[in-house]
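The values are calculated or read from the model by the stated rules, or taken from the named source; none is laboratory data. Since the model is a prediction, treat every value here as computed from it, not as a measurement. Every residue, glycine among them, receives a Cβ derived from its backbone with ideal geometry; neighbour counts consider all protein chains shown. The protein model used for the area step is the full one, side chains on, heavy atoms only, and it has no ligands, DNA or RNA in it. Shrake-Rupley method; radii C 1.70, N 1.55, O 1.52, S 1.80 Å.
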Amino acid sequence: MQRINAHLHSKNTPPYVINLDPAVLNVPFESNIDIRDSVNYEEVMKQYNLGPNGGILTSLNLFATKVDQIVNLLEKRSKPDPENPDRKPIDRILVDTPGQIEAFVWSASGTILLESLASSFPTIIAYIIDTPRTASTSTFMSNMLYACSILYKTKLPMILVFNKTDVKDASFAKEWMTDFEAFQDALRRDENSDTFGGQEGFGSGGSGYMGSLLNSMSLVLEEFYSHLSMVGVSSRVGTGIDEFFEAVEEKRKEFLEDYLPELERRREEREERKKKTREQELDKMMQGMSVDVNNVAEKRPIKVTNDDDDVDVPSDNDDDDDEDDETTREGLQARYAAAMEGKDEGILGDASFAKYLHMQR
Ligand SMILES: Nc1nc2c(ncn2[C@@H]2O[C@H](COP(=O)(O)OP(=O)(O)OP(=O)(O)O)[C@@H](O)[C@H]2O)c(=O)[nH]1
């Protein structure tokens, strides 16, 4: 983050920076929006009696309730400001996610935040890999599987960024991703020397199980590699950063050409599904309610205390009965429809979020 932020500043195109890691102590760059300003991670852990990961997840959930405000702000900042013509509109937004990848990728709030961003801006995932720790065939494969799961979960264009190339060159990774035979050779080497997990891993050569598993997985991943861009960088030294931005540009085009139409199709499908469920629920609810209303009306007639008032008192022989019921039902229907669409903040806003939090706990 610091390196790409500094790079963009040096090109005189400062980015808009968002920090989504509630647990980070210090960040060596300035954020425009910082989750830590809105949510106190330690307080969240105390109040909800959570451990570190639960604390991060709940902080993200709390922050996700502000996503509309954030996207509105970003949209405003990405256009010229007539009141402040000297201010340059932002053209890049950097979002730093928590190191605990699963807390972001597999949580409802992570999905909400990503989908909201992607529905307003071309959004790209950069998956940062610690190259020296990915040099053995098994750690490489684990990393690729993780990246693959993120790609399929987020359905957004992805760049694999092999970092720390000042310590270990990433050419081996490129070779393994493009040449199946080269990976096979490396696999055989690791198998023979009993170094499947590399320095930090484990030795399990001899059983043949690991070898054949990795072999099959590398075949499966061939298709996955074809959808990715791969760059080697050193954040420390600054090498490969230009290639990183070239990959970003390539993926931005891909987002607009391939992902955006797909995103819109999925959104329409979801809206249609939501509408159908809403109508079905509404129907069920109104059926139940009209039964109740009739029961109550029969047993307890409305008590009129002031005869002078022009009150329409329903009675057994009142011809307007059906029409009145219909009007009440329509009125209620409209109000419930509004509430279920989330237009009535009072009914669904906080209550549904409280329920959601409860479910998460
Ligand atoms: N040698 C070398 N070290 C690096 C490089 N980039 C980062 N580091 C070191 O790797 C460590 C972790 O870097 P961070 O930037 O904190 O990593 P991060 O991905 O933000 O970590 P979390 O999001 O908290 O998981 C630090 O000690 C960095 O100095 C690099 O290009 N080369």
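Laid out as a table, the results:
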read-out	value
Some residue of segment 175-183 being more than 16 Å from the ligand (Cβ to nearest atom), more than 30 Å from the chain's Cα centre (by Cα) and open to solvent by less than 30 Å² (accessible area, probe 1.4 Å)	yes
Among residues of segment 203-255, those that are over 30 Å from residue 193 (Cβ atoms) and part of a strand (DSSP E or B), counted	1
In segment 228-287, the residues that are in contact with a strand residue (DSSP E or B) (Cβ under 8 Å, 6 or more places away or on another chain), within 16 Å of the ligand (Cβ to nearest atom) and of a type in the set (Gly, Ala, Ser)	232, 234, 235, 240
Subset of segment 89-104 [of a type outside the set (Val, Ile, Thr), open to solvent by 40 Å² or more (accessible area, probe 1.4 Å) and in a helix (DSSP H, G or I)]	102
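One line per residue, one yes/no per condition, for (1) closer than 19 Å to residue 227 by Cβ; (2) in contact (Cβ under 8 Å) with a residue 40 or more places away in the chain; (3) within 14 Å of the ligand (Cβ to nearest atom):
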position: 100; (1), (2), (3): no, yes, yes
position: 103; (1), (2), (3): no, yes, yes
position: 107; (1), (2), (3): no, yes, no
position: 112; (1), (2), (3): no, yes, no
position: 122; (1), (2), (3): yes, yes, no
position: 132; (1), (2), (3): no, no, yes
position: 137; (1), (2), (3): no, yes, no
position: 148; (1), (2), (3): yes, yes, no
